[in-house]
Structure formats: C-alpha cells, structure tokens
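Report on one structure; see the data block that follows.
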C-alpha cells in the first residue's frame, strides 16, 4: 500500500509544482497553428489559429481555380497576416465538388471549423475573392438560418455576380447592419461589371445602400491591379488589398 504524504511533504510538493520543480524550463509561449484539411471532400476546411485568444473570426472564401484554390496556397501570406493580427481564419475548400452547387459544402466546412473553435462574441468577417467574393455575400445571407457564424461584415474582392451557380441565393435575409465592403481592381476587365451586378442584387433585396463601401485598388508604377493581383504579397498589393480589409476589421467591435 502506498503511504500518504505527510502535511510537510505535501506542502513541499505543491511549492515545487508551482515553481516548475525548482529548475525546470519556462513554459513555452503559444504559437500560431494550422489544422487541416479536415475531411478530404468539398466539405473540408482548414483552420488557422493565432498565438493567443482570437480577437475575430475571418471566413476566407477562395476563387474558382481548380485544385490549387481548394488549398490555402495562393492566399497563405494574406492568411498569415490576418492570423498575426489576432484573427482565427477558416478556409473551406468547397470547390472540390466540381459543380455549381458550392454553398452547402462551404457552410458544412465552416460549421466543422466553428465547432472546433467555439468562439463566442468575436466579430465575424466573410472575406471572399472572385467567385468566393459573391459566395461570401451569399453565405452571409444564409448563415443565421444554417446555424453558422453570421458575418458582421463582408469584404468582396474582385467579385463575380454569383458564387452559387446552380440557384440564385435570396439575399433578403442579410442583416441590414452588415458592413458590405466591395473592393475592385482598376485593371480587372470584369470586376466593375461583376461588382455592379452584385450590388444590384443587394439593391433588389432591399439591402441599405449606405452599408455598401466601394473601394478601388489602383495600378501604379510597376504594380498592376488586375484580377490576380490580390494573390500577391508585394508592398503595393498589401496596400491595395490587405490594408482596406485591416481597416474594416479594426472598425468592428
């Protein structure tokens, strides 16, 4: 039978435990982490966590680009930037469905990530690029009904008019206080038309126009603000695309 610790020995043990055994190394600081892909199909998702407690949640909706865009590779530096600024970033890989019906797989991926993160009372931003730019808006319209995090703001970068291409998503359920950022490149030949059509969808849904913020990424010097420019990480690309998104995030409390 094991003998019980005497009061003196017990007190000594507690003191040593509280100071790392007297000579142990200092506890390691938390570091950013990556988890994923969780699932290998269109309902899969990556989760990027910051070093400390997340200050906000960013749901990153990628563009239409085949197998590479279903991984975070093209957007990793932007994601790392967001994580460094305290955001947890969720990256659903919905396009693995290889069809026009991508909203439900995207929602499923976000739900998986949300259950693991278990974040409450943090600002939520849906950030989308190209096809994902429209999908981010459509996600915001269905999020409450689907029981997944509801965006406080959307940043729609070089949008096409529709993300979900097998049905037209009703945008009327969008919360009227949602901040709707639309960011277009001045050398993207389709972005202005895509943005105009997307904004028209919002208008027809009765979404308040004063909630829409339109920004233009402008070319200068050797920097060309075209459709693919948001995939870059040069100082000019960061100023054109990352900075407006940082401003939007900082305004949310």
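The values are calculated or read from the model by the stated rules, or taken from the named source; none is laboratory data. In this text the structure is predicted, and so the values were computed from the model without any measurement. Positions of Cβ are generated from backbone atoms using ideal geometry, with glycine treated the same way; all protein chains shown enter the neighbour counts.
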Next item on the list: Could you check, for the range 199-211, whether at least one of its residues is free of Cβ contacts under 8 Å to residues at least 60 places away in the same chain, farther than 23 Å from residue 151 by Cα and surrounded by fewer than 19 Cβ atoms within 10 Å (Cβ to Cβ)?
Entry: no
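Would you mind stating whether residue 17 is in a helix (DSSP H, G or I) and either surrounded by fewer than 21 Cβ atoms within 10 Å (Cβ to Cβ) or at pLDDT 90 or above (or both)?
It is true that residue 17 is in a helix (DSSP H, G or I) and either surrounded by fewer than 21 Cβ atoms within 10 Å (Cβ to Cβ) or at pLDDT 90 or above (or both).
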Notebook entry, point to check: Do the conditions hold for residue 235, that is, is it at pLDDT 95 or above and surrounded by 13 or more Cβ atoms within 10 Å (Cβ to Cβ)?
Noted result: no
Item checked: Among the residues listed as 185, 156, the single one being crowded, with 19+ Cβ neighbours inside 10 Å and closer than 21 Å to residue 93 by Cβ -> 156
Note to self: Here is a list: 131, 201, 144, 175. Which entry is over 14 Å from the mean Cα position of the chain (by Cα) and farther than 22 Å from residue 58 by Cβ?
What the structure shows: 201
Next item on the list: Taking residue 3 as meeting all but one of (1) in contact with a helix residue (DSSP H, G or I) (Cβ under 9 Å, 6 or more places away or on another chain); (2) modelled with pLDDT under 60; (3) surrounded by fewer than 11 Cβ atoms within 10 Å (Cβ to Cβ), write down the number of the exception.
Entry: (1)
Check: What number goes with the only condition from (1) modelled with pLDDT of 95 or more; (2) buried (at least 20 other Cβ atoms within 10 Å of the Cβ) that residue 163 does not pass?
Finding: (1)
Next item on the list: List the number of the failed condition for residue 148; all other conditions in (1) over 20 Å from residue 123 (Cα atoms); (2) in a loop (DSSP other than H, G, I, E, B) hold.
Entry: (1)
Next item on the list: Determine which single condition residue 118 fails, assuming it passes every other condition in (1) closer than 16 Å to residue 54 by Cβ; (2) modelled with pLDDT under 95; (3) crowded, with 21+ Cβ neighbours inside 10 Å.
Entry: (3)
Check: Somewhere in the range 212-230, is a residue closer than 15 Å to residue 187 by Cα, assigned to a helix (DSSP H, G or I), at pLDDT 95 or above and under 24 Å from the mean Cα position of the chain (by Cα)?
Finding: yes
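Scan the range 60-70 for residues that are surrounded by 15 or more Cβ atoms within 10 Å (Cβ to Cβ) and more than 18 Å from residue 110 (Cβ to Cβ) and report the count. Before the answer, list the steps.
Going residue by residue through the range 60-70, those that are surrounded by 15 or more Cβ atoms within 10 Å (Cβ to Cβ) are 60-65, 69-70.
In the following step, the residues that additionally are more than 18 Å from residue 110 (Cβ to Cβ) were identified as 64-65.
The total comes to 2.
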Check: Restricting attention to the range 71-98, and to residues there that are crowded, with 20+ Cβ neighbours inside 10 Å and part of a loop (DSSP other than H, G, I, E, B), which single residue is modelled with the lowest pLDDT?
Finding: 93
Notebook entry, point to check: Does the range 234-241 contain at least one residue that is out of contact with any strand residue (DSSP E or B) (no Cβ under 8 Å at 6 or more places or on another chain) and either assigned to a loop (DSSP other than H, G, I, E, B) or touching a residue at least 24 places away in the same chain (Cβ under 8 Å) (or both)?
Noted result: yes
Margin query: Return the residues of the range 102-125 that are in contact with a helix residue (DSSP H, G or I) (Cβ under 9 Å, 6 or more places away or on another chain) and not in a helix (DSSP H, G or I); say none if nothing qualifies.
Written below: 102, 123, 124, 125
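Could you list all residues from the range 33-51 that are surrounded by 18 or more Cβ atoms within 10 Å (Cβ to Cβ), within 12 Å of residue 71 (Cα to Cα) and either touching a strand residue (DSSP E or B) at 6+ places or on another chain (Cβ under 7 Å) or without any contact (Cβ under 8 Å) to a residue 12 or more places away in the chain (or both)?
Filtering the range 33-51 down to residues surrounded by 18 or more Cβ atoms within 10 Å (Cβ to Cβ) leaves 36-37, 42-50.
With within 12 Å of residue 71 (Cα to Cα) added as a condition, the list becomes 36-37, 42, 44-47.
Within the range 33-51, 36, 37, 44, 45, 46, 47 qualify.
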